[in-house]
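Enquirer: Below you will find the structure I want to go over with you.
Read the figures in this text as sums done on the coordinates, not as results from a lab. The structure presented is a predicted model; accordingly, all values stated were derived computationally and were not measured. Here the Cβ positions follow ideal geometry from the backbone for every residue, glycine too, while neighbour counts run over all protein chains shown.
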Amino acid sequence: MNKKIETVESVQQKLKRTELLLEINSQVAGLEDLSEILWKIVEFASSELNAERGTLFLSDNETGELYSRVAQGELSREIRVLNNVGIAGAVFQTKQGEIIHDAYLDSRFNPKIDKETGYKTKNIICCPVNTMAGETIGVLEILNKKKGRFTKDNLVFLEAAASRAAKSIQNAQNKENFEKNRKRELEFLDLVSEIASEINLDALLRRVMTESARMLNADRATLFLNDEKNEELFSRTVLGENISEIRFPNNIGIAGTVFSTGRTMNIPHAYADLRFNPAFDKETGYFTQSILCTPISNKEGKIIGCAQVLNKVGGPFSAEDESRLKAFTQQIAISLENAKLFEDVSKAQKYNESMLSSMSNGVITINNEGVIVTCNSASLKILRAKKNQIVGQKSSAFFCNSRHWVEDLVNSVQEHRKPETRLDSEISVVDSTTQEKETISININVVPLVNDDLEGRTDQISNFSGVLIMLEDISSEKRIKSTMSRYIDPGIANQLLETGSEILGGQETTATLLFSDIRSFTSITEKLGAQGTVKLLNEYFEIMVECITEQGGILDKFIGDAIMAAFGLPISHEDDEDRGLRAGINMIKRLGEWNAQRLKESKAEIDMGLGLNTDKVVAGNIGSEKRMDYTMIGDGVNLAARLESACKQYNAKILISEYTFKKLRGTYKIRHIDDVIVKGKTEPVGVFEVLDYHDKRSFPGLMDVIGHFQEGREHYRGGNFEKAIKSFETCLKINKNDLLSQMYLDRCNKLKNNKNTHWKGIWVMDSK
């Protein structure tokens, strides 16, 4: 009787299970979206097994991972694990379902997710999602049965549900993959179209490398182009803020082999291939695992380079990856060739323009129709004209009236095809701004232009393309400047020419000296390398020297990254001290603007300090017969240099001596920061910090801080360190970033127990 009852119950359970499976089939049958299907399965299984939550993991065959598309509770984010790790990984590998009654007693269980979410996993039932063909496409995992334990019947039901849903999952996956591929192909076409419009070679190379790596899910990519002249493959890679070029013979290494043979290479293990060159890995610290490299051919079938991608995520590159990279390179080959041609033409044009622009002599070209085609900046300066007054005009219209003799020379060269020269000739010019007339002395040389593009044509008429005029200004002012500029700064020459002074032999005079220096320059150079350092210094010096010359100062010399300048030499002014200080303030402000631009370009900021001192110096030509320098010597020069060095100790950017401070005519935001005895001296020197480069944002409560600081300094000098501490603490309450107040606070805390009755508030500077 009992057996009959059990049989009836068993049949009823089977019927109920069948009904449930039919129900899940009906629920997912009408769904096309993969996420919806997965969610229905998880929700259904969790509900029927009376469990708290569940997760359905799908297999990512490319990466060898299991990933969750849908989950319940706090696990709604995507989870990715290797397909051989944890309970889910074990079930995926064995294709056998499992029941875990106590998760934390199973060594395979990973409690990390529990710790992140605050949820505690108690028991687990897990089964594979198998297709009719026996392929495991995922794992279904249910957690924490609300009452009792998971049973074998639960597992049988779960396996049946997963098996019934597998086909729907697979169909939805296929549809989703189709849509993804379709979308990817459309994106590919859009990308190719976008890239094809880029003619800047550097920008094109960067874009191609970026998109190649993204498209193939690779770590990085490199595109090599062939330099036919040097028989080298080259690539430009972005390293930090610099663009560096890699070059090597076009027949070595993996890239060289691909270029030489014209065959694609797919290498799963780079170091196992003898053709692989590990030198770049050793130099950069990078480890190359897998390589896919394919040749790039132009429309004529000529190989112009190769594309290389490294280290595919999740394993080696597939045949599909090869096809996609080949298709991509075929599409962008024409763009690469056009960009390289454009670069070559641009380089030639820039070279010619640079050469013309840098020439001190004027250069003007005239075509066969007598129209002025080009005119360099030296010509505009010599002729006192603007570009639109010359370029595009008939030469006969510009060189007319009193200047007609120039046109006569042009006509003679056009007729006879022979050069014409006139030395020490006078030409009248009219200043385009002031309209003032002037007569200057020039040397002029007019030569025929020959067209080298007409190969095989030797007759003078066919290869004649116009006339070139060269102008040399030999007026007295320029001759003097030319002579003096060989050994002194051009700014000095200009002032001496205006005054007619002859003071280069040596003089003792009062001047304001300025020293500046870049902070942590050694570490900067180590990061940038030689070329990057030179580029940075050129940009930095361009800004700083302009600030100095704007205030009438002269540049004495560059000392590495340091600048030495003077105000009041060789021509003095009543306000040289103010000029020097204004220059220093502008240098800090301009540095801040430059740093803001550098930050936008992801470049490191540059910091500097500068010192100013006013004193008597000896100035003049110092050196040997072969090499002379106009420079300054004396204690005043040394003190300016030591003040610049002291900026580091006082956390300041601008320090001036009491000698400069006392002679200032203008009003500035200044605080007296110390009285020091510098090395080699016995008497103290007052040191002042200038703060005018700050605004309300960079230094809040500036004037209040200055007031309280001065109070603190008075207490400090009088030996009342407790009161001094309160004043400096007040400064820090107003501006917590006032490092100078912090320095004095620390100094006072060390000195407050000092019983020195001879304390005078003077600090001894032991550094140079």
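Enquirer: Give me the net charge for the shell around ASP695: Cβ to Cβ below 12 angstrom, other residues only, Lys and Arg +1, Asp and Glu -1.
Expert: Numbers: positive: LYS589, LYS669, LYS696, ARG697; negative: ASP692.
With Lys, Arg at +1 and Asp, Glu at -1, the net is +3.
Enquirer: Using r as the Cβ-Cβ distance of HIS101 and GLN507, and R0 as 60 Å, what FRET efficiency do you calculate, to the nearest 0.05?
Expert: Working: r = 100 Å, r/R0 = 1.66.
After rounding, the FRET efficiency stands at 0.05.
Enquirer: What FRET efficiency, computed as 1/(1 + (r/R0)^6) with R0 = 30 Å and r the Cβ-Cβ distance, is obtained for LYS122 and ASN171, rounded to the nearest 0.05?
Expert: Working: r = 35 Å, r/R0 = 1.16.
Plugging the Cβ-Cβ distance into 1/(1 + (r/R0)^6) gives 0.30.
Enquirer: Also: Find the centroid of the Cα atoms in the range 706-730 and in the range 75-140, then give the distance between the two in whole Å.
Expert: 68 Å
Enquirer: Please give the length that would be gained between SER441 and GLU542 if that part of the chain were fully extended, namely 0.36 nm times their separation in residues minus their C-alpha to C-alpha distance (nm, one decimal). Walk me through the numbers before you get to the answer.
Expert: Working: separation 101, 0.36 × 101 = 36.36 nm, distance 3.22 nm.
Taking 0.36 nm per residue and subtracting the Cα distance, the gain is 33.1 nm.
Enquirer: Students often get this wrong, so check it: of LYS122/LYS146; LYS681/LYS723; LYS95/LYS175; LYS40/LYS115; LYS726/LYS750; LYS381/LYS418, which have C-alpha atoms separated by over 21 Å? Write out the running numbers ahead of the final one.
Expert: Details: LYS122/LYS146 10 Å; LYS681/LYS723 31 Å; LYS95/LYS175 25 Å; LYS40/LYS115 27 Å; LYS726/LYS750 15 Å; LYS381/LYS418 27 Å.
Check vs 21 Å cut-off fails for LYS681/LYS723; LYS95/LYS175; LYS40/LYS115; LYS381/LYS418.
Enquirer: Can you pull a Stokes-Einstein diffusion coefficient for the range 215-324 at 25 °C (0.890 mPa s), Rh from Kirkwood over Cα pairs, as a whole number of µm²/s? Spell out each step's value before the answer.
Expert: Values: Rh = 14.4 Å.
Reported coefficient: 171 µm²/s.
Enquirer: Next question, about the same structure. At what distance in nm do the modelled label points of ALA133 and ARG263 sit from each other, each positioned 7 Å from its Cα along Cα→Cβ?
Expert: Computed distance between label sites ALA133 and ARG263 equals 3.1 nm.
Enquirer: Past 31 Å, Cα to Cα: identify those pairs from LYS229/LYS312; LYS600/LYS736; LYS527/LYS589; LYS663/LYS752; LYS229/LYS387, in the order given.
Expert: Values: LYS229/LYS312 34 Å; LYS600/LYS736 27 Å; LYS527/LYS589 25 Å; LYS663/LYS752 35 Å; LYS229/LYS387 38 Å.
Violating the 31 Å limit, Cα to Cα: LYS229/LYS312; LYS663/LYS752; LYS229/LYS387.
Enquirer: Just grab the label-to-label distance for LYS394 and GLU526, each label 7 Å out from Cα along the Cβ direction, in nm (one decimal).
Expert: A separation of 6.9 nm, rounded to one decimal place.
Enquirer: Give me the extension gain from LYS282 to LYS723: residue separation times 0.36 nm, minus the current Cα-Cα distance, reported in nm with one decimal. Before the final figure, lay out each step's value.
Expert: On the way: separation 441, 0.36 × 441 = 158.76 nm, distance 6.02 nm.
Full extension from LYS282 to LYS723 adds 152.7 nm.
Enquirer: Considering the zone a paramagnetic label at ARG590 would reach in this model (a point 7 Å from Cα along the Cα-to-Cβ line), which residues of the range 532-563 have amide N under 16 Å from it?
Expert: Backbone N within reach: 536-558, 562-563.
Enquirer: Mind checking the full-extension length gain between ASN251 and SER412? Use 0.36 nm per residue of separation minus the Cα-Cα distance, one decimal, nm. Could the numbers behind the result be given before it?
Expert: On the way: separation 161, 0.36 × 161 = 57.96 nm, distance 5.58 nm.
Stretched out fully, the ASN251 to SER412 stretch lengthens by 52.4 nm.
Enquirer: Then there is this: Between GLU52 and GLN93, what's the calculated FRET efficiency when r is the beta-carbon distance and R0 is 22 Å? Round to 0.05.
Expert: Calculated transfer efficiency: 0.25.
Enquirer: Another question, then. What are the equivalent ellipsoid semi-axes of the range 361-474, built from the alpha-carbon gyration tensor (square roots of five times its eigenvalues), in whole angstrom, biggest first?
Expert: Numbers: eigenvalues 137, 41, 27 Å².
Each semi-axis is the square root of five times an eigenvalue, giving 26, 14, 12 Å.
Enquirer: Let me ask another. For the range 602-721, what is the convex hull volume of the alpha-carbon atoms per residue, in Å³?
Expert: Values: hull volume 21.4 nm³, N = 120.
Roughly 178 Å³ of hull volume per residue.
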